[in-house]
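Down below is the structure, laid out as structure tokens.
The values are calculated or read from the model by the stated rules, or taken from the named source; none is laboratory data. Owing to the predicted nature of the structure, the values given are computational and were not obtained by experimental measurement. As a convention, Cβ positions derive from the backbone with ideal geometry for all residues, glycine included, and neighbour counts pool all protein chains shown.
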Amino acid sequence: MPLYKPPNPSAPVLSQFSLKGKVAAVTGGARGIGLEIVRGLAEAGAEVALIYATSKDAIEIASQIAKDTGVSIRAYQSDVRSRASIAATVDQIVQDFGHLDVMVANSGVCTDIPSLEYTEETWKDNNSVNLDGVMWTAQAAGKVFKQQGRGNLIVTASVSATLVNIPQKQAAYNSSKAAAVHLAKSLAVEWVDFARVNCVSPGFIETEMLYVQPKERFDKWMEMIPGKRMAETSELKGVRHKSWCSHIDLDLR
């Protein structure tokens with residue numbers, strides 16, 4: 001069975017960016033890149049499930065975006081490290097909204113630990129979110145997509161999946177993101193009958209994760225960026241629409 005086609009590929013180009021009538025879900029949706037993904041999807045007309053782990057103001061954030069955009073935004077607390085937790089959350093989203101068109105597996109963590117100092121626990125900390133979390137999120141959404149006959153999974157990976165950033169030491173992060181990219185490619189092939197699967201790999205983006213870094217490290221990163229600035233999270237909103245595209249990792253360096 002071939003990859004499904006958009007309903008009207010000859011429609012005016014701007015109308016093809018409309019997500020009116022669609023339902024999207026975003027893990028890690030209360031902060032950083034995830035928050036701007038939620039906002040961008042809502043601005044395009046989608047109803048959005050904002051999935052968060054520990055944020056204390058996720059409900060207020062969802063309410064404000066709903067007020068700003070005029071679409072329904074709901075916040076759901078879940079743990080992507082737990083297959084049962086994220087599966088129950090996705091089931092609840094489908095029950096609340098009626099269907100699910102887009103899932104963005106965006107949750108991620110990063111630690112700076114020399115490779116000779118990893119313990120089983122600190123190694124697992126990165127992989128349980130960055131790889132296992134993507135798998136369990138994808139699996140939960142994929143079951144819905146298969147039942148519906150169509151769906152769109154997007155994985156937020158990282159340029160660290162294909163290169164080694166310096167001076168930080170983050171072997172667990174780099175390898176878990178590389179694994180997430182190949183997982184997405186594998187799912188794209190396996191699910192071709194009912195879903196599109198793609199990755200977006202951001203480079204240095206202005207998020208809270210970066211601002212807690214030591215100044216000398218931040219300055220080192222800036223020295224290596226030809227454009228002499230980092231991308232703002234809002235600049236990522238427009239990169240996720242391609243109706244024919246599947247099996248790619250969009251590298252944003």
Set A184, A195: member being in contact with a His (Cβ under 9 Å, 6 or more places away or on another chain) and of a type in the set (A, V, I, L, M, F, W, C): A184
Test set (1) free of Cβ contacts under 8 Å to residues at least 40 places away in the same chain; (2) surrounded by 22 or more Cβ atoms within 10 Å (Cβ to Cβ) - V197 fails condition number: (1)
Being aliphatic (A, V, I, L, M), touching a residue at least 60 places away in the same chain (Cβ under 8 Å) and farther than 24 Å from Q77 by Cα is the filter here, so list the residues in region 134-183 that pass it. V159, A161, A172, V181
Within region 162-175, identify whether any single residue is touching a strand residue (DSSP E or B) at 6+ places or on another chain (Cβ under 8 Å) and under 17 Å from L131 (Cβ atoms), and answer yes or no. yes
How about region 152-247: which helices (runs of 4 or more DSSP H) wholly inside it have at least 2 residues that are over 26 Å from S18 (Cβ atoms) and either modelled with pLDDT of 75 or more or within 15 Å of the chain's Cα centre (by Cα) (or both)? 171-190, 215-224
Restricted to region 113-151 and to residues being among the aromatic types (F, W, Y) and assigned to a helix (DSSP H, G or I), the residue nearest to H182 (Cα to Cα) is W136
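Within region 112-127, which residues are over 16 Å from the mean Cα position of the chain (by Cα) and surrounded by 15 or more Cβ atoms within 10 Å (Cβ to Cβ)? Before the answer, list the steps.
Pass one, region 112-127, residues over 16 Å from the mean Cα position of the chain (by Cα): 112-125.
Selection gives I113, Y118, W123, D125.
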Please go through region 200-236 and pick out each residue that is of a type in the set (A, V, I, L, M, F, W, C) and exposed (fewer than 14 other Cβ atoms within 10 Å of the Cβ). V212, M222, M224, I225
